[in-house]
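Everything on this sheet refers to the single structure shown next.
The values are calculated or read from the model by the stated rules, or taken from the named source; none is laboratory data. Remember, predicted model here, so these are calculated numbers, not experimental data. Every residue, glycine as well, gets a Cβ built from its backbone with ideal geometry; the counts of neighbours run over all protein chains shown. Calculation scope for accessible area: heavy atoms of the full protein, side chains included, ligands and nucleic acids excluded. Shrake-Rupley method; radii C 1.70, N 1.55, O 1.52, S 1.80 Å.
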Amino acid sequence: MVGVPMNYQRKRILIYSVLAGLFTILLLLVSIGLSSSGYRLWGSSAAPALVDYQVDAQIDESPSQAPVEVYTFVEDKPVPSLEITPDLPLIEEPKLPAASTVTLDTYVPVPAPVLAATPSAASEIKGTIQSTTKPAPMPSKISIPVLNYHSVTIDPGNVVVISPAKLEEQLAYLHNHGFTPVSLTTFISLIEGKGVEAAPEKPVLLTFDDGYIDNYEQAMPLLTKYSFPATLFISPGTSDQEGYLNWEQIKKMQEAGWDIQPHGMTHPHLPQLSADQQAYEILEARKQIEEKLGTKADVYCYPYGEYNKTTLKLLKDHGFRYAFTIEQGYATNQQSPYLLKRLFINGEESLKSFIRKLSTHD
């Protein structure tokens, strides 16, 4: 009888122990499950507590972290092009021609350097920019020979000097073969495309540089004989020097149909002067001609054919319309207005050479 209660008590303890073990296991399983889902039981430090972040809170990022842009694509909108457009090529500022090396003794023109062909700015950027406006068409090329004379006298071996006989031979050729010498005003109208319908078939401009007295004594009577106008480029500072024209003679040449224009005040080497000195040489020559003759003097001729960037800027800033060089070729409407070409007349050349020069077009 005593053994029966003891067995019953043991059974109860055993049952309670099993239940406690099962509860403990169940509690552990629940705890593990909650930890893996981000929650923690009270008093537990195994899993961090959840933090509610504000949407508009500022997030610090290091300088190396670039923001990521998110694009929302809509079906009815075109997908942005991923084509990479190359940067526009750098266009070098065009370099002005080097100053001529013509000397005081000869005035012999130096051939212009042959410039390497370079693609235009338009061809360089072709395909990168689509212009919405059409470029203006290039005007039709107008070419006019401008003959460059100097002294008219007898001086064998001097290519700058032409004898009166040879000059008359050349003038007679022009007269007999359909050439029409024109005034400077007519030349400008033609080169600008004005009155082209009434233009002579073979216009030519005759120019004489420096203002030698033999232009008055020898050249003027010959041009009067053929009723040819001409243009005279003078340096007023030489008007009192021996061998050069004075103002009375210059006025008579103007009355005979000669256009008088500036050639520097003292016929200087312009690139060797300061900007102020160049301005004086250019502007004082124009001023004296306009005051003495009452005419416009806005077409320049470079002494020795020499100029630099300062010279060109002065001419432009002070309203000169054109300027003549000693670079060889026809003057055209496609040249810079301050770099018009001429044909140097060599006093030693034959009539055949003169004719061949006239027939050589740019």
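Cross-link pairs exceeding 26 Å between alpha carbons, from the set Lys166/Lys292; Lys166/Lys341; Lys313/Lys341: Lys166/Lys292.
Among Asp276, Asp214, Asp155, the sequence by solvent-accessible area, most first, with a 1.4 Å probe is Asp276, Asp155, Asp214. Here the calculated FRET efficiency for Ala198 and Asp240, from their Cβ-Cβ distance with R0 = 35 Å, stands at 0.25, rounded to the nearest 0.05.
Ignoring ligands, DNA and RNA, what accessible area per residue does segment 181-226 give at 1.4 Å, in Å²?
Details: 1960 Å² over 46 residues.
Value returned for segment 181-226: 43 Å² of accessible area per residue.
On a per residue basis, segment 238-362 carries 45 Å² of accessible surface, using protein heavy atoms and a 1.4 Å probe.
By DSSP, what percent of the beta bridges with both residues in segment 136-278 are antiparallel, rounded to the nearest 5? Each step should come with its number before you reach the end.
Numbers: 1 of 19 bridges.
If I count the DSSP bridges inside segment 136-278, around 5 percent turn out antiparallel.
Applying the Karplus relation 6.51 cos²θ - 1.76 cosθ + 1.60 with θ = phi - 60° to segment 272-285 yields 3J(HN,Hα) values of 8, 9, 6, 4, 5, 5, 4, 4, 5, 4, 6, 7, 5, 4 Hz, where x marks Gly and Pro. Each residue was assigned an accessible area with a 1.4 Å probe, and for Lys309 the value is about 130 Å². Remark: accessible surface ordering of Lys313, Lys292, Lys341 (largest first) is Lys313, Lys292, Lys341, probe radius 1.4 Å.
Separation of segment 297-356 from segment 260-292 is 16 Å, based on Cα centroids. For GluC sites (Glu not before Pro), the sites in segment 185-293 that DSSP calls loop and that have at most 12 other Cβ atoms within 10 Å are Glu201, Glu242.
Take the solvent-accessible surface of the protein heavy atoms, probe 1.4 Å, and return the percent of it on segment 236-287 that carbon and sulfur atoms account for.
Ligands and nucleic acids excluded, carbon and sulfur give 41 percent.
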